[in-house]
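The values are calculated or read from the model by the stated rules, or taken from the named source; none is laboratory data. Just so it is clear, the model here is predicted, and its values are computed rather than measured. Cβ placement follows ideal geometry from the backbone for every residue including glycine, while neighbour counts extend to all protein chains displayed. With ligands, DNA and RNA removed, areas are computed over all heavy atoms of the protein, side chains included. Shrake-Rupley method; radii C 1.70, N 1.55, O 1.52, S 1.80 Å.
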Amino acid sequence: MYYKAICRLLAFYLGIFALILLIPIGVSAYFDFFADPAKYPQPPSTLAFFYTFAITIILAIGFHFLGRNPKGRVYKRESILLVVIVWIITTLLGALPFVFSKTLDNPMDAIYETMSGLTTTGSSVFYPKSYNAEGEEIPIELALPKISTHKYRFFGTITPVRDPDTGKILLQ
């Protein structure tokens with residue numbers, strides 16, 4: 001197994017991935033610093049994407065140094081391992097903005113949501129939290145009458161966007 005060749009390709013892939021991360025950094029910077037917060041209320045996320053970008057660059061540099069002067073070619077074995085590693089790394093790096101921005105409290109939910117987005121399955125763990133009149137979180141009850149008579153009770157995963165001054169919910 002030619003690990004240096006795999007590391008070299010991973011470094012190249014992570015470099016491209018880091019360049020692609022510049023797009024959400026730019027978009028989030030626009031909404032965090034230039035857009036009207038009354039029109040687009042949202043928690044800041046630029047730093048979450050920047051931290052993900054920095055981690056990706058550090059990994060790319062690390063794999064670049066590990067993959068210097070490869071003495072072999074990439075064959076079928078290496079290709080299969082490379083694909084598996086790329087899927088795992090992409091999923092973990094893609095979950096970081098959810099965790100850093102505290103959009104999702106549970107890292108496993110962030111990983112699940114990222115894998116769902118990468119594979120375009122349409123499955124999601126995003127569900128807004130519900131609160132009673134006193135401001136306490138309450139469970140959500142859902143029933144799927146065509147499938148089962150069972151009622152599902154769960155708590156939401158997304159905290160609503162609140163006005164920092166009044167605490168009033170702006171977006172749910």
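See the values below:
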{"item": "Extension gain, Tyr40 back to Lys71 (0.36 nm per residue minus Cα-Cα distance, nm)", "result": "5.9 nm"}
{"item": "Helical contribution to [θ] at 222 nm, DSSP H n ≥ 4, -39,500 (n - 2.57), averaged over the chain, rounded to 500", "result": "-18500 deg cm²/dmol"}
{"item": "(1) 18.9; (2) 16.7; (3) 20.0, with the label sought being that of the calculated Kirkwood radius over Cα pairs in Å", "result": "(1)"}
{"item": "Cleavage-rule hits (trypsin sites (Lys or Arg not before Pro)) in the range 1-46: DSSP loop, at most 11 neighbouring Cβ within 10 angstrom", "result": "Lys39"}
{"item": "FRET E, pair Asp105, Leu19, Förster distance 35 Å, beta-carbon r, rounded to 0.05", "result": "0.75"}
{"item": "The range 68-172: GluC sites (Glu not before Pro) in DSSP coil with no more than 10 other Cβ atoms inside 10 Å", "result": "Glu134, Glu136"}
{"item": "Chain lengthening between Ala133 and Ile57 when straightened (0.36 nm per residue, less Cα-Cα)", "result": "22.8 nm"}
{"item": "Probe 1.4 Å, accessible area per residue of the chain, Å²", "result": "68"}
{"item": "Cleavage-rule hits, chymotrypsin sites (Phe, Trp or Tyr not before Pro), the range 1-107, DSSP coil, Cβ neighbours within 10 Å at most 12", "result": "Phe34, Tyr75"}
{"item": "Inter-site label distance for His150 and Thr119 at 7 Å from Cα along Cβ, in nm", "result": "2.1"}
{"item": "Greater than 28 Å apart at Cα, pairs in Lys39/Lys129; Lys39/Lys146; Lys39/Lys151", "result": "Lys39/Lys146; Lys39/Lys151"}
{"item": "Lysines with Cα under 18 Å of Lys76, excluding same-chain neighbours fewer than 8 positions away", "result": "Lys4"}
{"item": "Whole-percent carbon and sulfur share, accessible surface of the chain, 1.4 Å", "result": "67"}
{"item": "Charge context of Thr46, other residues only, Cβ under 15 angstrom, K/R +1, D/E -1", "result": "0"}
{"item": "Relative contact order of the chain, defined on C-alpha pairs under 8 angstrom at six or more residues apart (%)", "result": "21"}
{"item": "Cα gyration tensor shape of the range 85-172, rounded if a/c is under 1.5, else prolate or oblate by comparing a/b with b/c", "result": "oblate"}
{"item": "Arg162 long-range amide H proximity, modeled H, under 5 Å", "result": "Leu170"}
{"item": "Two-site FRET efficiency, Thr166 against Val84, from Cβ-Cβ distance with R₀ of 41 Å, rounded to 0.05", "result": "0.25"}
{"item": "For the chain, share of DSSP beta bridges that run antiparallel, in % to the nearest 5", "result": "90"}
